[in-house]
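For reference, the structure is listed below as structure tokens.
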Amino acid sequence: MNHELEPGLYIVATPIGNLSDISGRAIATLRDVKFIACEDSRVTGRLLRHIDVTTPTLRYNDHSKVADRENLLALASEHAIALVSDAGTPLISDPGFKLVRAAREAGVHIHAVPGASAFVTALVLSGLPSDRFLFAGFLPNKAKARSDELQQYTALNATLIFYESAQRLGDALAAMADLWPGREAAVVREITKKFEECRNGTLAELAKYYGQNSVKGEICIIVGPPIVVAAKVDDEAVQKALADALNNMSTGKAASHVAQLFGLDRKSLYDAALTIKKGV
């Protein structure tokens, strides 16, 4: 039995793997809206068949034209329209931001139907600190840009969460291990699916493992906070640790090692290491 929904845009979270995780409210909403805007009608179609919903779908993704967005807004001003992504919560590293922002500016009513999100589920599976965290989404493809972005998070006293593809997992972990080799981390993949996996270890250990073992599936990388918060650091202790590290490490490795130990910025430590070497 269909119920009348007020006109507007309904942001509906869908399962991230196990289709049985969809909420009763999400099922009712998808059944009662006029249209469902989705990334891929084939993916959404499997979900709709599973929950026995026959609502027609319209394609909407990051490559959709402005005219497509305007058409959805026009529909949402008169009818209830749902927005879904292929999996999880729309807008979280998925299409929808431009549509929701435009809907708010146009005065279209917006409703959220919450549900699964991969990064939250990965965080609780990892066992790493969850009281303060930063979701950083996908890292850049190119090595230099990736390293520069990671550098920004070095001293942040929070757990870091990244999405990554299976093809780039080894490179991403290697870049992280170069900066923070001893930090606790976890690689979580295929969440809620048959081959769900959560592998914990230091970033150095995980980089070595996934450098030798290829995997498939959707992946989250969880990186624990620095071992020591940078708020109360003994400069003399930092200098000694840096000098000791330079006895058996390269300048870059020594800077990364001490940055990880004390939760400090690697670049400033690299400069300090160069000064120490010049004085030797």
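Residues that are surrounded by 18 or more Cβ atoms within 10 Å (Cβ to Cβ) and within 17 Å of the chain's Cα centre (by Cα) do not occur anywhere in region 226-247. The number of residues in region 191-215 being crowded, with 20+ Cβ neighbours inside 10 Å and over 19 Å from the mean Cα position of the chain (by Cα) comes to 0.
Residues of region 34-67 being touching a residue at least 40 places away in the same chain (Cβ under 8 Å) and outside any helix (DSSP H, G or I), which ones? LYS34, PHE35, ILE36, ALA37, CYS38, GLU39, ASP40, listed by residue number.
Scan region 74-102 for residues that are outside any loop (DSSP other than H, G, I, E, B), in contact (Cβ under 8 Å) with a residue 60 or more places away in the chain and either surrounded by fewer than 17 Cβ atoms within 10 Å (Cβ to Cβ) or touching a helix residue (DSSP H, G or I) at 6+ places or on another chain (Cβ under 9 Å) (or both) and the total you get is 7. Confirm whether ILE222 is within 18 Å of THR154 (Cα to Cα) and either touching a strand residue (DSSP E or B) at 6+ places or on another chain (Cβ under 9 Å) or at pLDDT 90 or above (or both). The answer is yes for ILE222. When the residues of region 103-133 are filtered to those that are touching a residue at least 24 places away in the same chain (Cβ under 8 Å) and among the β-branched types (Val, Ile, Thr), the one that is surrounded by the fewest Cβ atoms within 10 Å (Cβ to Cβ) is ILE110.
Just to be sure before I move on: is LEU134 of a type in the set (A, V, I, L, M, F, W, C) and touching a helix residue (DSSP H, G or I) at 6+ places or on another chain (Cβ under 9 Å) in the structure I sent? Considered against the rule, which asks whether it is of a type in the set (A, V, I, L, M, F, W, C) and touching a helix residue (DSSP H, G or I) at 6+ places or on another chain (Cβ under 9 Å), LEU134 comes out as no. Please work out if LYS98 is outside the structural domain of CYS38 (by TED's automatic domain parsing) and either of a type in the set (D, E, K, R) or under 18 Å from ASN61 (Cα atoms) (or both). In short, no. ARG189 meets all of the listed conditions (1) over 20 Å from ALA259 (Cα atoms); (2) among the basic types (Lys, Arg); (3) out of contact with any strand residue (DSSP E or B) (no Cβ under 8 Å at 6 or more places or on another chain) but one, namely (3).
Within region 116-125, the only residue that satisfies the criterion of being more than 19 Å from PRO90 (Cα to Cα) and either basic (Lys, Arg) or under 14 Å from the mean Cα position of the chain (by Cα) (or both) is VAL124. For region 103-141, the set of residues classified as part of a loop (DSSP other than H, G, I, E, B) and among the polar types (S, T, N, Q) consists of SER117, SER130, ASN141, listed by residue number. Residues of region 17-33 that are assigned to a helix (DSSP H, G or I) and either farther than 21 Å from ALA118 by Cα or out of contact with any His (no Cβ under 6 Å at 6 or more places or on another chain) (or both): SER20, ASP21, GLY24, ARG25, ALA26, ILE27, ALA28, THR29, LEU30, ARG31, ASP32. All of (1) crowded, with 21+ Cβ neighbours inside 10 Å; (2) closer than 25 Å to GLY24 by Cα hold for VAL188 with one exception: (2). Scanning region 16-54 for residues that are surrounded by 17 or more Cβ atoms within 10 Å (Cβ to Cβ) and not hydrophobic (A, V, I, L, M, F, W, C) turns up GLY17, THR29, ARG31, ASP32, GLU39, THR44.
The values are calculated or read from the model by the stated rules, or taken from the named source; none is laboratory data. Computed from a predicted structure; not experimentally measured. So basically every Cβ, Gly included, is an ideal-geometry build from the backbone, and we count neighbours across all protein chains shown.
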